[in-house]
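Below you'll find the structure, written out as structure tokens, and then a few comments.
The numbers here are math on the coordinates, done by the rules we state, and not lab data. Quantities reported herein were computed from a predicted structural model and do not represent experimental measurements. As a convention, Cβ positions derive from the backbone with ideal geometry for all residues, glycine included, and neighbour counts pool all protein chains shown.
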Amino acid sequence: MVEISLVKYGVIPPSMLDKISGLMEESYSILGEPMGGSVDLEVFEKSEEETFFAMHDAFRGKPRIRIYLDKLQELPEPVGLAGIRRQIAHSILHGSLKFYLVKFPQDLIRAINQFNLPYEFGNSLLYSIGMAAKEYGVTELLTRKGFVKDQVAYAEYILEPTAEELLAWEIALRNKLEKILHLAAIIRDISCAVPLIDNEMFGNKIKAGIKGKLAHLNPDYQASIQRIIEKFPLLGTDMFINIELITKWFTEEILTYEFCSFPPGSS
């Protein structure tokens, strides 16, 4: 049985803890154990800043899942539970510090040098690409183990465009680097839905959701992102190789297009 070390922050209803604990026990029994055989669970009554409702990391050297009840309770229950299950999958697939200390892929290093890009930009770009690789792997594991319907609900939630996202794109258009990072974030979000595209029951719904997610972009960017995600089935089980592949595709489709089609100093 998986060892779960619980820490509570604030007033946490016992019924909610029971629901989360039950979900974790069910998920681990089907998906497998977290890396190292144990996981830290931190449940917060309130989030102190703008953050996602459930998160995973391994910065302490072991898997840690954090859940923010105020954010969680704003969501439809299927979406919230599916999101927590995703963090459980992360603890199985990425529950070690090495998955959070990712080296710059050679394609990204070459692009930074060729186009004279800031290191901070490269780091932000690598974060989105790394998350895309992880999120794709999580959905692939969950759907392979039978958790399809809840992941469809989660994907539909992530694919729904928000007013903040549309405004962010309008602002990003003023700066080439911000525009590129926005495109990378879109790919990061879409990645969780890609393994569901070929599902006989839900595939068309997911394709429509992806199309809606891309609708605010101009046709060239839509086509570039579609070509990138069409290659995702080539990804394997090695997250680091997957990051290298996504970086290569992103460099070919986005970075090279941006900096070879227009003068590097333009925005």
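Some observations on this one:
- Kirkwood analysis of the range 69-183, using all unique Cα-Cα pairs, places the hydrodynamic radius at 16.4 Å.
- Helix axis angle, 163-172 relative to the chain longest principal axis, alpha carbon, degrees: 30
- Pairs from Lys8/Lys248; Lys145/Lys207; Lys19/Lys62; Lys98/Lys205; Lys46/Lys211; Lys8/Lys103 whose Cα-Cα separation, in the structure shown, is over 32 Å: Lys8/Lys248; Lys98/Lys205; Lys46/Lys211; Lys8/Lys103
- CD proxy at 222 nm, helix term only [per DSSP H run n ≥ 4: -39500 (n - 2.57); per residue of the chain; nearest 500]: -18000 deg cm²/dmol
- Selection from Phe99, Gly146, Thr256 lying farthest towards where the dipole of the chain points positive, charges on Cβ: Thr256
- Principal semi-axes in Å for the range 3-98 [√(5λ), Cα gyration tensor, largest first]: 20, 15, 12
- Calculated from backbone phi, Karplus (6.51, -1.76, 1.60) coupling profile of the range 14-31 in Hz, x at Gly/Pro: x, 4, 5, 4, 4, 5, 5, 4, x, 5, 5, 4, 4, 5, 5, 5, 9, 8
- Scaled radius of gyration (Cα, divided by 2.2 N^0.38 Å) that the range 163-245 gives: 1.16
- Taking θ as phi - 60° and the Karplus parameters 6.51, -1.76 and 1.60, the scalar couplings of the range 100-106 work out to 10, 10, 8, 6, 5, x, 4 Hz in sequence order, x denoting glycine and proline.
- Environment charge at Lys179 (Cβ cut-off 11 Å; Lys +1, Arg +1, Asp -1, Glu -1): -1
- Dimensions (Å) - the range 102-261, Cα atoms, principal axes, largest first: 46, 35, 21
- Taking the C-alpha atoms only, the angle from helix 77-93 to the longest principal axis of the chain is near 80 degrees.
- Cβ charges +1 (Lys, Arg) and -1 (Asp, Glu), total dipole of the range 102-261, debye: 160
- Principal-axis analysis of the Cα atoms of the chain puts helix 239-250 at an angle of about 30° to the longest axis.
- Antiparallel %, DSSP beta bridges [both residues in the chain], to 5: 25
- The mean of 1/r over all pairs of different alpha-carbon atoms in the chain, once inverted, gives a Kirkwood hydrodynamic radius of 19.4 Å.
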